[in-house]
Each structure stands twice: as C-alpha cells, then as structure tokens.
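Report on the structure given below.
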Amino acid sequence: MANDKSTLTDERLYPATWDEVKEVELDDALRATPAQRLAWLEEALKLAWMVGATKGE
C-alpha cells in the first residue's frame, strides 16, 4: 500500500505532459485558500514593483 501511495505522489509531482502540468497548476490554484491567494498577489505586486513594472511611488 505504501508503494501505491508513493507512486501516486510521484505522478502528482512530476506530470508527463504540458496538459497535465496545466491541470496540476489549476488544481493547486483552485484548492488555495483566500489567504494563500492574497499572499500570491502580494508577492506578484512586490515583484512587479521591484522590476519597475508599476508606477508605485
């Protein structure tokens, strides 16, 4: 049984095709809590500000 679980984990961590990669990313995004989504947004805005992509003063 432990072997079956590790196989499923490996398949989840290492998708084989681009379509599978997109599906995994979508699953992760939909599973995120509002707090996690806000944290990702804050990080993206911080990065955009650091590279000068925003007009933040």
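The values are calculated or read from the model by the stated rules, or taken from the named source; none is laboratory data. Predicted, not measured: the structure shown is a model, and the values here were computed from it. Positions of Cβ are backbone-derived with ideal geometry, glycine not excepted, and every protein chain shown enters the neighbour counts. Surface accessibility is based on the protein's heavy atoms, side chains included, excluding ligands, DNA and RNA. Shrake-Rupley method; radii C 1.70, N 1.55, O 1.52, S 1.80 Å.
Summary table below
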{"quantity": "Residue satisfying condition, being open to solvent by less than 100 Å² (accessible area, probe 1.4 Å), of a type outside the set (S, T, N, Q) and modelled with pLDDT of 65 or more, within set 52, 56", "calculated": "52"}
{"quantity": "Residue 30 being assigned to a helix (DSSP H, G or I), open to solvent by less than 100 Å² (accessible area, probe 1.4 Å), modelled with pLDDT under 90 and at negative phi", "calculated": "no"}
{"quantity": "Any pair with Cβ under 7 angstrom, 6 or more apart, that starts in region 42-56 at a residue that is assigned to a helix (DSSP H, G or I) and ends at one that is open to solvent by less than 100 Å² (accessible area, probe 1.4 Å)", "calculated": "48/54; 49/56"}
